[in-house]
1. Under the 0.36 nm per residue contour assumption, what length would be gained going from the current alpha-carbon distance of LEU111 and ASP138 to full extension?
2. Compute the Rg to Rh ratio over region 46-183 from the alpha carbon atoms, using the Kirkwood formula for Rh, and round to two decimal places.
3. Want the number for GLN229 to ARG103: 0.36 nm per residue separation, take away the alpha-carbon distance, what's left?
4. Quick one: in the chain, what % of C-alpha pairs are over 22 Å apart?
5. State the three equivalent ellipsoid semi-axes of region 131-268, derived from the C-alpha gyration tensor as the square roots of 5 times its eigenvalues, in descending order and whole Å.
6. Any idea what the relative contact order of the chain is, in percent, if you count C-alpha pairs under 8 Å spaced at least 6 apart?
7. Packing-wise, with mean Cβ within 10 Å as the measure, how do 84-95, 37-48 rank, highest first?
8. Which percent of the accessible area of region 159-271 is formed by carbon and sulfur heavy atoms (probe 1.4 angstrom)?
Amino acid sequence: MLAGAMAVVCMVLVGPSAPAGSLFAGSPPVRAAREVVPNRVMTWNLCNPCAVSDVDRAAEIATYAPQVVGFQEACVRDVERIRDYLRNLHGLVYHVEYGTVLRNWGRCGGLPWNPGGFGQAVLSAAPMTDPVNVEYPDGGSEDRGYMAVTTTVGGRPVRVFNTHLAQRRQEAVRADQAGVLAEEVARHDRAIVLGDFNAVPDAPELRPIWALATDTDPQCHPSPTGTCQPTTDWQSKFDYVFLRGIVPLRHRVQPSPYSDHHLLHTDVEAT
C-alpha cells in the first residue's frame, strides 16, 4: 500500500512521461491568447550554434502569432520542438516543411553517423503544397539553398520562398545564388521571399531580387538613400521580406535576446 501511494504521489509531481520536445503530451493545449494573424508573415534566423531554449523561441513567435514563419539556420529537431511548444503551450497549430541542405553534427547534434538536418524551414498555419528544396550550385563556404511552398496568406494562395545566401565577404557567390532564386520567383505573379540574404540593400548581388519585388519596408530601397531598419545585432539590414504582387500594410523589426538576428514580421494584403 505504501509503495502504491508513493507511486501516485510521484505521478502527480512528475506527470506522465512524454517524448523529448512534447511537453505536456496527452494534455489539451493551452488556449491561445489570440488567433493566428492570417495575413502576417515572419522571417527569423535562429542563430546556430547558440545555446538557446526552444521554449523561449516558441514564446517569441507566439507573441506575434504569424500565419507563416520562415526560419534560417534551423535544425530539424529544434523546429520540431518549437512547433510542439507552440501547440502545447500557446495553442497555435502549424504545419511544417523543411529545406535542409546540410547534415551537420556540430550544428545540430545527433550521432556522428546520423547528424541532424540543417538549413531552412517554414511553419504555416494553413496546409502547404508543392514543396521544393533546391541547393545552390555553389554554396560558398557552406552549403546553402532555398525552399518554396504554396500556402495561404490573407486568404489568398501565395508562393512562399525561404533562403539563406552565402556568408559575408562572398559577394560573387551570393550574386549567383540570387540569380538562381530570382529566376524561380519570376515564374509567380504573387510571391513572398523570406530570408537572410547576408547583404545590405544596396549590395549589387541583390539586384536580381529588387528587379522583381519590393521590400516590406517602404523606406528601404536598393540605393544608399534608402532608410532601412537594421535587422541584426551588428546594426546591418540582412533580413528581408520581399513582396511580389502583394501590398505591405505594416511591419515590425523586433530585437530578440535569443538570436543575433531580429524578428522581422509584416502584415500584407494579397491582391
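1. On the way: separation 27, 0.36 × 27 = 9.72 nm, distance 2.73 nm.
Here the segment from LEU111 to ASP138 would lengthen by 7.0 nm.
2. 0.97
3. Gain on stretching GLN229 to ARG103: 42.0 nm.
4. On the way: 20526 of 36585 pairs.
Result: 56 percent of Cα pairs exceed 22 Å.
5. Equivalent ellipsoid of region 131-268: 20, 19, 15 Å, largest first.
6. On the way: 630 pairs, mean separation 46.9, N = 271.
The value is 17 percent.
7. 37-48, 84-95
8. 49
The values are calculated or read from the model by the stated rules, or taken from the named source; none is laboratory data. Here the structure is a predicted model, which is why all the values come from computation and not from measurement. Positions of Cβ are generated from backbone atoms using ideal geometry, with glycine treated the same way; all protein chains shown enter the neighbour counts. Just so you know, the surface numbers come from the protein's heavy atoms only, side chains and all, with ligands and any DNA or RNA stripped out. Shrake-Rupley method; radii C 1.70, N 1.55, O 1.52, S 1.80 Å.
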